[in-house]
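Participant: Just dropping this structure here.
The values are calculated or read from the model by the stated rules, or taken from the named source; none is laboratory data. The structure displayed is predicted, hence computed values, not measured ones. Cβ: placed from backbone, ideal geometry, glycine included. Neighbour counts: every protein chain shown. Only protein heavy atoms, including side chains, enter the accessible area calculation; ligands, DNA and RNA are left aside. Shrake-Rupley method; radii C 1.70, N 1.55, O 1.52, S 1.80 Å.
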Amino acid sequence: MTVTARIRFILAAVVLAAVYYYLLVFLVGWTSVHERPEWWLGVFPTRHLAVITWLVTLHSVAVLLAALPVAVATVVIARREAVLLGLTVAVLETVVAVAPSLSSTIWPLIWDSHPIFFITDQIKLIVTVPAVAWVLRAASSNNRLERSRNASSMSPGGGR
């Protein structure tokens, strides 16, 4: 990778991490104000399980909705390195999101309540963008025209 390509990669990662962070803040807030439907409580054996499942579902939907445009951008910006760019974006965003939680006043609250939710949330944040970028890149590479173009460019003389 040339120096210019590395600079573009780093710049794209920083900008997309900021976009991902602000999309997450907005979408987690937007989904959290949605009340669960009345039938939701009847699906689960306990009210506690129903509420926890509703919160996890809303958070997962918000993370996926935030990851989609960022993953599309990674595929458009760096097609071959889309997964690496997506992983870099996700790690940068997660560091920015977790850093305030490491203060001595907040961390004990997280660790004493439900640390498994905190840990799984961070795993979701890190995995979603590169996974969606990988799926998008793989889906678009199944295009017959693109395969034939790649095959013809690989052969000597440009022909089959």
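Participant: How big is the charge dipole of the chain about its Cα centre, in debye rounded to the nearest 20, if each Lys and Arg gets +1 on its Cβ and each Asp and Glu gets -1 on its Cβ?
Facilitator: Details: 12 positive and 7 negative charges, 189 e Å.
It comes to approximately 900 debye.
Participant: Per-residue ellipticity at 222 nm for the chain, helices alone: DSSP H runs ≥ 4 residues times -39500 (n - 2.57), over residue total, nearest 500 deg cm²/dmol?
Facilitator: Theoretical 222 nm ellipticity from helices: -27000 deg cm²/dmol.
Participant: Sticking with this one: Accessible area, 1.4 Å probe, largest first: how do 35, 93, 81 sort? Spell out each step's value before the answer.
Facilitator: Numbers: 35 165, 93 5, 81 70 Å².
Of 35, 93, 81, the descending order of accessible area is 35, 81, 93.
Participant: While we're on this one: Enumerate by residue number the trypsin sites (Lys or Arg not before Pro) in the range 35-101 meeting two conditions: DSSP loop (anything except H, G, I, E, B), and at most 14 other Cβ atoms within 10 Å of the site's Cβ. Before the final figure, lay out the partial values.
Facilitator: Values: sites: 47, 79, 80; in loops: 79, 80.
Sites meeting the loop and neighbour criteria: 79, 80.
Participant: For the range 31-105, build the convex hull from the C-alpha positions and give me its volume per residue in Å³. Spell out each step's value before the answer.
Facilitator: Working: hull volume 10.3 nm³, N = 75.
That works out to 138 Å³ per residue.
Participant: Per residue, how much accessible area does the range 1-107 have with a 1.4 Å probe, in Å²? Write out the running numbers ahead of the final one.
Facilitator: Working: 6640 Å² over 107 residues.
With the other protein chains kept in place, the range 1-107 gives 62 Å² per residue.
Participant: Could you look at the chain and say what percent of its accessible area is carbon and sulfur, using a 1.4 Å probe and all protein chains? Present the calculation step by step, with values, prior to reporting the outcome.
Facilitator: Values: 7380 of 10410 Å².
Roughly 71 percent of what the probe reaches on the chain is carbon or sulfur.
Participant: Take 85, 41, 64 and sort them by solvent-accessible surface of the protein heavy atoms, 1.4 Å probe, largest at the top.
Facilitator: Values: 85 0, 41 55, 64 85 Å².
Descending order: 64, 41, 85.
Participant: How long is the chain along each principal axis, judged by its Cα atoms, biggest number first, in Å?
Facilitator: Principal-axis extents of the chain (Cα, largest first): 67, 40, 22 Å.
Participant: Taking a probe of 1.4 angstrom, what is the accessible area of residue 60 in Å², to the nearest 10?
Facilitator: Residue 60 has an accessible surface of roughly 40 Å² with all protein chains in place.
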